[in-house]
Amino acid sequence: MTTITPLIAGNWKMNGLKQSLSEISELAQLLTTGEAPRALVCICPPATLLHAVAEQGASSGILAGGQDCHTANAGAHTGDISVSMLADAGAQYVIVGHSERRADHGESDDMVRAKAEAAIGAGLKPIVCVGESEAQRDAGQAVSVVAAQLAASLPDAAGQHSVVVAYEPIWAIGTGRTPNSADIAEIHDAIRAQLVERFGETGATIQILYGGSLKPQNAREILAIENVNGGLVGGASLLAKDFYTIISAV
Ligand code: 13P
């Protein structure tokens, strides 16, 4: 059986000012004084804090990631951020295709795939997000919707480079609701099968994260599910103590 090092990634979304860097210090302290974490730890802060998080986290093994990127490396794209800028700021990961970007900015699977390709080209690991809406789940389409998104959002280059997949049911994000363990297992197993079918051996090594109301209270149960290789954490990543509890649940 392939062993996969789990990844616990925090997505701060549009939250965090300079003063929030104290949470990074506290997390660093917890990580270095407590039991050694069994997971890789990454924080994806807003771009304004990326460089500081990367610098401050380095000595305690906290990795940094962006929350989005442009497909181009530079140019006339006001307000956007490129993969080389993220890498230059110290990022090792970048989230692409989060449902909030798909909804707020109309990002299509094609665009998400292009962003993932750009990330790979810059030596970053893309965290490619997929997930169904509540209406799609109620209609019994969760597995097929996720499969279609994954097929179209993941570039062929994922067969030769490090990528991460994150399953985030849209209706579980920020709501305090989660699918039950059997439903999470069903999707993660289907994603694993699809990855192996498409990428062979490599597909068996890709981390598949669960995201959506992952909290200190439910982390142990969810992270123990087969083919759940870590988590993508929103709200509960903003406080070092909560995030550390989730990391410790691995
Ligand atoms: P919450 O953990 O706040 O539900 O957010 C999940 C998420 O969207 C992480 O990317």
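Every number here is computed from the coordinates shown, using simple stated rules; none is lab data. Predicted model only: the values in this text are computed from it and were never measured. Counting neighbours? That spans all protein chains shown, and the Cβs are built from the backbone with ideal geometry, glycine included.
Of note:
- Taken about its Cα centre, the chain carries a charge dipole of about 400 debye when Lys and Arg each add +1 at the Cβ and Asp and Glu each add -1 at the Cβ.
- What the phi angles of region 165-176 give under the Karplus curve with 6.51, -1.76 and 1.60, with θ = phi - 60°, is a coupling list of 10, 10, 8, 10, x, 4, 6, 9, 6, x, 10, x Hz, glycine and proline written as x.
- Measuring nothing but how far apart in sequence close Cα pairs (under 8 Å, 6+ apart) lie, relative to its length, the chain scores a relative contact order of 22 percent.
- One decimal place: the segment Q19-A76 gains 17.4 nm when fully extended, by the rule 0.36 nm per residue minus the C-alpha distance.
- Rounded to the nearest 20, the Cβ-based charge dipole of region 98-194 about its Cα centre (Lys and Arg +1, Asp and Glu -1) stands at 240 debye.
- Exposure proxy order (Cβ contacts within 10 Å, fewest to most) of T245, T33, T175: T33, T175, T245
- Column: log10 I(q)/I(0), Debye, Cα scatterers of region 60-173, q = 0.13, 0.15 Å⁻¹: -0.48, -0.63
- The largest-to-smallest principal axis extents of the Cα set in region 49-110 are 38, 26, 17 Å.
- Cα lying deepest toward the dipole's positive end in the chain, options V163, L232, P216, charges on Cβ: P216
- For region 1-46, dividing the convex hull volume of the Cα atoms by the residue count gives 61 Å³ per residue.
- Overall dimensions of the chain by Cα: Rg and Dmax, Å: 16.7, 47
- For the residue pairs K115/K215; K125/K241; K13/K125; K18/K125, alpha carbon separations beyond 23 Å are given by K115/K215; K125/K241; K18/K125.
- Loop-exposed GluC sites (Glu not before Pro) per DSSP, neighbour cap 11 Cβ within 10 angstrom, longest uninterrupted part of the chain: 36-225
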